[in-house]
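First comes the structure, then the notes that go with it.
Bear in mind that the values in this text are calculations on the coordinates, not laboratory data. Remember, it's a predicted structure, so these values are computed and weren't measured experimentally. Quick reminder, even Gly has a Cβ in these numbers, built from the backbone with ideal geometry, and neighbours come from all protein chains shown.
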Amino acid sequence: MTKFQKWLRRYLNETGMTNVQCGERFGVNDSLIGHYLRGTRFPTYTTLQKIKKATGVDMNDLFD
């Protein structure tokens with residue numbers, strides 16, 4: 001499991017958000033959140049910027 005997957009799981013658990021709510025907050029389709037959690041896809045740079053803006057996460061916390 002990647003550092004990003006771990007962070008995303010923790011974020012969803014701590015906020016109590018669903019994949020749909022998380023997708024809306026990050027500006028992506030909720031099915032992508034599922035792909036991110038399974039590790040079958042990784043967010044684009046643009047999406048990572050949206051995640052940073054929405055959550056305030058340091059980009060260094062998302063990568064191994």
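Every helix of 4 or more DSSP H residues in the chain counts as -39500 (n - 2.57), and over all residues that averages to -19000 deg cm²/dmol at 222 nm. Computed on the Cα atoms alone, the convex hull of the chain gives a volume of 75 cubic angstrom per residue.
Local charge for THR47 was computed over the other residues whose Cβ lies under 11 Å away, with Lys and Arg +1 and Asp and Glu -1, and equals +4.
I'd like the chymotrypsin sites (Phe, Trp or Tyr not before Pro) in region 5-64 restricted to DSSP loop residues with at most 15 other Cβ atoms within 10 Å, sorted by number. Hits after loop and neighbour filter: PHE63.
What is the sum of charges, Lys and Arg at +1 and Asp and Glu at -1, for the other residues whose Cβ falls under 11 Å from the Cβ of MET1? Don't skip to the end; give the middle numbers.
On the way: positive: LYS3, LYS6, ARG9, ARG38; negative: ASP64.
Surrounding charge for MET1 is +3.
Couplings 3J(HN,Hα) of region 51-59, computed from phi: 5, 4, 5, 6, 10, x, 5, 6, 4 Hz, in residue order, whole Hz [Karplus 6.51 cos²θ - 1.76 cosθ + 1.60, θ = phi - 60°; x for Gly and Pro].
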